[in-house]
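So the structure is just underneath, and the comments pick up after that.
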Amino acid sequence: MAKTVLVRGARQLLTLNGPPGPRRGPSLGNVGLIEDGSILIVNGVIASVGPTRRVENLAESRRATEIDATGRVVMPAFVDSNTHLLDSGASGNLGNHEGHEPKRPNVRRLGIEARRILTGCVRHGSGTVDAHSGCGTDENVELRMLRAAASLDQQPANVVPTYSIPAARPDEPLDGTTYLDWLDQHLLPRIHSKRLAQFVGITCGTERLSLNDLQRLIEMCQRHGLMVRLQVEDKELAGAIPLAISKHVLAMEGLNRVSSEEAAVLAVSRVVATLMPATTLQTRAEVPPARMMIDAGVAVALASGFRHHRSGTFNMQMVIALACSSLGMTTAEAISAATINGACALHMGDRVGSLQFGKDADLLILNVPDYREMSWYFGVNLVSLSMRKGNVVYNESQVQWPAA
């Protein structure tokens with residue numbers, strides 16, 4: 001028997017309805033608002049979205065389990081496309097130097113810690129979360145971390161494992177080969193064959209990889225069936241943006257320095273520019289020209305950039321507030337960037353990020369009557385209820401007032 005749920009009577013229902021692909025330009029500010037809206041969910045998939053009067057009169061709605069959203073905002077769950085849920089303590093460990101073996105992470109410990117962080121992400125409204133590995137160059141270390149990330153999927157949120165190319169290339173050979181050959185011949189084939197990651201995250205900058213190295217890395221990742229996202233350091237590598245566009249890189253992250261000419265090129269490409277205002281604040285990096293990029297037509301997404309000891313928030317509501325206060329974005333633009341555009345940055349725009357027919361029923365009910373109030377709060381959790389595929393995965397506990 002089909003499991004049917006009716007989320008009924010939202011004061012504001014944000015559908016983020018639109019054509020396939022990321023929102024850009026004026027469409028970034030269109031949240032697909034329906035006043036007094038409802039959603040019908042059948043077996044975890046959205047079956048109908050629209051005004052309450054129409055949806056509640058459907059035959060399936062009459063036998064549905066009802067969730068009352070009266071007076072509140074209903075919207076898609078956040079898609080956080082850049083986090084480091086896993087921390088092995090081996091980040092930056094470049095192999096066996098001075099006779100020391102690389103630290104071997106305990107997969108159970110990694111899993112327990114990652115679940116704790118993921119629980120916090122879900123409480124604060126994230127329905128899909130990226131999980132970077134630890135940037136080590138020891139094959140067993142990386143595979144252990146990716147297995148730990150893979151074990152988190154089918155939990156209260158979608159978890160998307162990403163293998164991180166180390167930020168600094170080791171000079172010493174690995175397994176008798178150069179570093180890039182080692183990746184090509186050893187690690188990347190194993191990651192792909194074991195289906196431990198969908199993406200490779202590559203850090204590039206003037207002190208990192210050369211442009212030729214970057215091109216070779218992108219090509220080898222794609223040859224092994226892995227999609228690529230580029231993390232651009234504060235000192236950007238000249239030519240990285242045209243290269244990313246020509247090689248069909250899915251997203252570029254950390255674009256704090258973008259010229260108007262580069263923005264114009266990005267605007268006619270499929271690359272999603274992922275901004276991380278919480279990381280910018282905590283590391284005191286240069287503030288990205290978000291307003292200029294949006295007005296130029298660049299597809300902009302927002303992510304937390306959560307990373308142990310570097311960017312200490314996984315609260316996407318806080319990221320939205322920062323985007324509005326420091327990046328000049330409107331609340332509607334920030335919501336689109338944190339939902340459907342984040343989904344497109346993870347190649348998941350056909351499944352999550354908006355409340356449309358046939359998509360997974362990943363949604364939030366917020367304790368505010370108007371979505372614009374989200375940018376008024378800073379570090380406050382407004383989530384009343386979270387659903388993943390039509391199942392309640394978080395429901396706020398009620399404060400117990402003593403009897404008078």
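Things to note:
- In the chain, lysine pairs closer than 27 Å at Cα, eight or more apart or cross-chain: 7
- Among 221, 344, 121: highest mean-square fluctuation, GNM of the chain, C-alpha pairs under 10 Å: 221
- Scaled against the 2.2 N^0.38 Å expected of a compact globular protein of N residues, the Cα radius of gyration of region 248-404 reads 1.13.
- Percent of C-alpha pairs per 5 Å bin, region 23-62, short to long: 6, 22, 22, 16, 15, 11, 7, 2, 0
- Calculated P(r) tail over 15 Å for region 191-232, as whole % of Cα pairs: 40
- Average accessible surface for the chain: 42 Å² per residue, computed with a 1.4 Å probe over protein heavy atoms with every protein chain in place.
- Max-minus-min Cα coordinates of region 259-309 on each principal axis give 36, 19, 13 Å, with the largest extent listed first.
- The amide H of residue 48, built 1.01 Å from its N in the peptide plane, has 40 as neighbours under 5 Å, considering only residues 5 or more places off or on other chains.
- Element breakdown for region 278-337 at a 1.4 angstrom probe: carbon and sulfur atoms account for 54% of the accessible area.
- Note on region 217-332: antiparallel DSSP beta bridges, both residues inside, total approximately 10 percent of the bridges counted.
- Residue-averaged 222 nm ellipticity for the chain, from DSSP H runs of 4+ at -39500 (n - 2.57), nearest 500: -7500 deg cm²/dmol
- Our coupling estimate for region 317-326, obtained by passing each phi through the Karplus curve with A = 6.51, B = -1.76, C = 1.60 and θ = phi - 60°, is 5, 5, 4, 4, 4, 5, 4, 6, 7, 10 Hz, Gly and Pro reported as x.
- Distance histogram for region 240-327 (every C-alpha pair counted, 10 angstrom bins, percent rounded to whole numbers): 18, 50, 27, 4
- Placing unit charges on the Cβ atoms only, positive for Lys and Arg and negative for Asp and Glu, gives the chain a dipole magnitude near 1120 debye about its Cα centre.
- Furthest towards positive pole of dipole, 34, 300, 77, structure part the chain, Cβ charges: 34
- Rh (Kirkwood; distinct C-alpha pairs) - the chain, Å: 21.7
- Cα pair distances of region 324-384 binned at 10 Å [whole percent]: 21, 46, 30, 3
The values are calculated or read from the model by the stated rules, or taken from the named source; none is laboratory data. As the structure is a prediction and not an experimental result, all values here were calculated from the model. As a convention, Cβ positions derive from the backbone with ideal geometry for all residues, glycine included, and neighbour counts pool all protein chains shown. Calculation scope for accessible area: heavy atoms of the full protein, side chains included, ligands and nucleic acids excluded. Shrake-Rupley method; radii C 1.70, N 1.55, O 1.52, S 1.80 Å.
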